[in-house]
Amino acid sequence: MNFIDKLNRTIGNAVAWLIVLMVFGTLYNVVARYYFGQYSIPLGELVIIMNDMVFMLAVPLLLHLDQHVRVDVFYSNFSTRKQAIVDFLGTLFLLFPLCGFILYYSWDYVISSWGQKEGSQQTGGLEGLYFVKSIIIVMVILLILQGLSLLVKKFLLIKNPKIPHIEHHHEDLHL
């Protein structure tokens with residue numbers, strides 16, 4: 001399970017750097033457009049692609065770090081064991097079905113894009129849009145793997161709530 005956690009930390013930390021590149025790419029296009037009357041369509045599309053990558057490939061890391069969205073009405077007052085049960089059941093009955101749903105409904109979309117070797121619809125835009133759409137499938141696979149890691153950890157906590165529970169905050173996110 002440590003391999004899965006490390007894989008998602010590595011990918012999440014790598015794509016976090018894309019935010020810096022997005023800022024510079026956007027800044028370049030804004031300055032070029034308003035001061036020199038130029039705009040780079042490929043650079044604009046690349047910024048959008050980097051944004052897609054950040055959002056989709058950081059999701060498994062956020063799950064690992066327990067930084068995902070949670071409506072916390074009762075959870076914070078639960079014992080470690082009860083929290084582990086909620087996390088275990090949530091992973092099993094919410095996360096995995098959601099991943100299955102996304103995979104089911106995105107599979108043909110991605111395969112169709114590959115079949116067409118889909119590129120940008122903009123004149124002068126980027127080719128290889130099908131690679132970008134494949135990130136949806138990669139995200140689902142990484143989420144399922146992280147969910148499996150989470151299931152094992154929560155199962156062990158349910159069985160023995162006295163084992164040391166590692167709290168993840170922002171220590172794994174390095175820029």
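Taking the options L89, L98, name whichever one is within 20 Å of S134 (Cα to Cα) and either of a type in the set (S, T, N, Q) or at pLDDT 95 or above (or both).
On inspection, the qualifying residue turns out to be L98.
For every residue, the table says whether it meets (1) surrounded by 17 or more Cβ atoms within 10 Å (Cβ to Cβ); (2) free of Cβ contacts under 8 Å to residues at least 60 places away in the same chain.
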{"residue": "R81", "(1), (2)": "no, no"}
{"residue": "V86", "(1), (2)": "no, yes"}
{"residue": "W107", "(1), (2)": "no, yes"}
{"residue": "Q121", "(1), (2)": "no, yes"}
{"residue": "L126", "(1), (2)": "yes, no"}
{"residue": "L129", "(1), (2)": "yes, yes"}
{"residue": "L142", "(1), (2)": "yes, no"}
{"residue": "K154", "(1), (2)": "yes, no"}
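Please indicate, with yes or no, whether at least one residue in region 19-26 is more than 28 Å from F3 (Cβ to Cβ) and in contact (Cβ under 8 Å) with a residue 60 or more places away in the chain.
There is no residue in region 19-26 that is more than 28 Å from F3 (Cβ to Cβ) and in contact (Cβ under 8 Å) with a residue 60 or more places away in the chain.
Check whether at least one residue in region 119-126 is of a type in the set (S, T, Y) and in a helix (DSSP H, G or I), and report yes or no.
no
Collect the residues in region 60-104 that are in contact with a Gly (Cβ under 7 Å, 6 or more places away or on another chain) and aromatic (F, W, Y), keeping them in residue-number order.
F96
Looking at (1) of a type outside the set (D, E); (2) surrounded by 13 or more Cβ atoms within 10 Å (Cβ to Cβ); (3) closer than 23 Å to A58 by Cβ, which is the one condition that is false for F101?
Looking at each condition in turn, F101 falls short on (2).
Does region 93-108 hold any residues that are under 19 Å from the mean Cα position of the chain (by Cα) and either outside any helix (DSSP H, G or I) or over 30 Å from K162 (Cβ atoms) (or both), and which are they?
Within region 93-108, P97, L98, C99, G100, F101, I102, L103, Y104, Y105, S106, W107 qualify.
Just to be sure I understand, how many residues within region 50-92 are under 20 Å from the mean Cα position of the chain (by Cα) and not in a helix (DSSP H, G or I)?
The total comes to 7.
So that you can scan it fast, the table gives a plain yes or no per residue for (1) more than 23 Å from the chain's Cα centre (by Cα); (2) modelled with pLDDT of 95 or more; (3) of a type in the set (D, E, K, R); (4) closer than 30 Å to I41 by Cα:
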| site | (1), (2), (3), (4) |
| --- | --- |
| Q121 | yes, no, no, yes |
| G128 | no, no, no, yes |
| I137 | no, yes, no, yes |
| P161 | yes, no, no, no |
| H168 | no, no, no, no |
| D172 | no, no, yes, no |
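The values are calculated or read from the model by the stated rules, or taken from the named source; none is laboratory data. Predicted model, so just to flag it, every value in this text is computed and none were measured. Methodologically, a virtual Cβ is constructed for each residue, glycine included, from the backbone with ideal geometry; neighbour enumeration extends over all protein chains shown.
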